[in-house]
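The values are calculated or read from the model by the stated rules, or taken from the named source; none is laboratory data. All values derive from a computational prediction rather than experimental measurement. Cβ placement follows ideal geometry from the backbone for every residue including glycine, while neighbour counts extend to all protein chains displayed. Please note that ligands, DNA and RNA were not included when accessible areas were found on the heavy atoms of the full protein model with its side chains. Shrake-Rupley method; radii C 1.70, N 1.55, O 1.52, S 1.80 Å.
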Protein chains: 2
Amino acid sequence: MVSNTDRSGALAQRLSDSGLRSTPQREVIYSVLLGKRDHPTAEEVFARAKPEMPMISMATVYNCLETLVQCDLVRTVNFERGPTRYCPNLYPHAHFHDEATGATHDVDLPPGLLEQVKSILPAGFDASSVEIIFRGKARAQAEAHTL
Amino acid sequence: MVSNTDRSGALAQRLSDSGLRSTPQREVIYSVLLGKRDHPTAEEVFARAKPEMPMISMATVYNCLETLVQCDLVRTVNFERGPTRYCPNLYPHAHFHDEATGATHDVDLPPGLLEQVKSILPAGFDASSVEIIFRGKARAQAEAHTL
DNA sequence: AGTTTAATTAGAATGATTCTCATTCCTAGT
DNA sequence: ACTAGGAATGAGAATCATTCTAATTAAACT
């Protein structure tokens, strides 16, 4: 398991790799994402960061999230007609969106699946990323499994 | 090939199957989608419907699109941070989003792929739909291919 | 310490979508 | 045909998510 300090170090490292600065705001936003991996919206991230950093603004939350995405530390997930959600899981995975509860679950991908899916692209299409989104119902028991 | 009349008939049929009425607005919206299959936004659909039906309102465009989605005649596609796009292609397919041009292309799925992708879900997850979205660059030549 | 550049902040502005509600249109039942 | 009731539409207001602007603060680099 990776410690929190390592994570922060990783953040600082990634930021400086991209020529960006490590700031208290960015660290708080990132730790909020790591702390509860339920694919929060920017609004939710804001609410969770506020207690630790009461002066933080929504603009900063959006800026920091965008920064983390650029550093490849965070992915975004978009479901139809809802706000963008943020996910700090770096391993290749799909998303399952539970229509009953609104919850989002990470689904591990077997090795090779992404490559296989990419292989359906006709010549001339060069995909930099692939996203797989399931929509449906999950049993309560299954929910505990992933989140 | 399916004629335009059959399509309209199909629309009327699907609507009444769902206990909904066939209206001029719904027909125009649907024919707009069938006419140019470039995954337009609601705003674009509105602009294309206006010449044929000058009094139509955005509210009606949204209502009709939503209705078509409910009848399974149209799918929605969401790319990050953009308006929802609409697609009348009923065959199972993935979407390729060209980051350079903003264009969206349908990508046919080989038989069995959706099932295979669904099979990665752990027990307890029951997916009613799967969406596969690629993001990347397409050569001009490849573009002509799909759209 | 002083300059430069990046980052944050508050609030305004924009964009997309949904809501409200009055009006019009259908459809069914007389 | 006539009318009551529900469905669909239209105009505009309201809401929600996100981006922009301009001013302030913080960090890094002489």
Point to revise | With all protein chains modelled, accessible area of B:GLU66 [1.4 Å, Å²] | key: 70
Study note, to complete from the structure: Sorted by accessible surface (1.4 Å probe, heavy atoms of the protein chains only), largest first, A:LYS137, B:LYS36 come out as A:LYS137, B:LYS36
Point to revise | DSSP-defined antiparallel bridges as percent of all bridges, the stretch A:59-147, nearest 5 | key: 65
Check your understanding: At each listed q (0.12, 0.14 Å⁻¹), what is the log10 of I(q)/I(0) that the Debye formula gives for the stretch A:49-114 modelled as equal alpha-carbon point scatterers?
Key -> -0.42, -0.56
**Study point:** Whole-percent carbon and sulfur share, accessible surface of the stretch B:4-77, 1.4 Å
**Key:** 49
**Study point:** Gaussian network model of chain A, Cα within-10 Å springs - most flexible of A:ALA47, A:ALA127, A:ALA100
**Key:** A:ALA127
Study note, to complete from the structure: A:ALA94 neighbourhood, Cβ < 9 Å, K/R = +1, D/E = -1, net charge -3
Check your understanding: In Å², rounded to the nearest 100, what is the total accessible surface buried by chains B and A against each other with a 1.4 Å probe?
Key -> 3500
Check your understanding: Calculated from DSSP H runs of 4 or more alone, at -39500 (n - 2.57) each and per residue, what is the 222 nm mean residue ellipticity of chain A, nearest 500?
Key -> -12000 deg cm²/dmol
Exercise for review: Kindly report, to the nearest 10 Å², the accessible surface of A:THR76 as traced by a 1.4 Å probe over protein heavy atoms only.
Suggested key: 20
Review point. So between A:GLU115 and A:ALA59, what do we pick up on full extension, going 0.36 nm a residue minus the alpha carbon distance?
Key: 16.5 nm
Practice item. Report, ordered by chain and residue number, the aspartates and glutamates lying within cross-link reach of B:LYS50, taken as a straight Cα distance under 14 Å and ignoring same-chain residues fewer than 8 apart. Key: B:GLU27
Check your understanding: What FRET efficiency, computed as 1/(1 + (r/R0)^6) with R0 = 35 Å and r the Cβ-Cβ distance, is obtained for B:GLU43 and B:SER128, rounded to the nearest 0.05?
Key -> 0.80
Point to revise | More than 17 angstrom apart: percent of Cα pairs within the stretch B:91-146 | key: 46
Point to revise | A:ALA103-B:LEU90 pseudo-label distance in nm [points 7 Å out on the Cα-to-Cβ vector] | key: 3.6
Practice item. Compute the relative contact order of chain B as a whole-number percentage, counting only Cα pairs closer than 8 Å that sit 6 or more residues apart in sequence. Key: 19
Check your understanding: Relative to the Cα centre, what is the charge dipole magnitude of chain A, using +1 at the beta carbon of each Lys and Arg, -1 at the beta carbon of each Asp and Glu, and rounding to the nearest 20 debye?
Key -> 220
Check your understanding: Which of the lysines could be linked to A:LYS118 by a straight reach, that is with a Cα gap under 22 Å, when you skip same-chain ones fewer than 8 residues away?
Key -> B:LYS118, B:LYS137
Check your understanding: In µm²/s, what is D for the stretch B:29-147 at 37 °C and 0.692 mPa s, where D = kT/(6 pi eta Rh) by Stokes-Einstein and Rh is the Kirkwood radius from Cα pairs?
Key -> 208
**Study point:** Kirkwood hydrodynamic radius of the stretch A:1-94, Cα pairs, Å
**Key:** 13.4
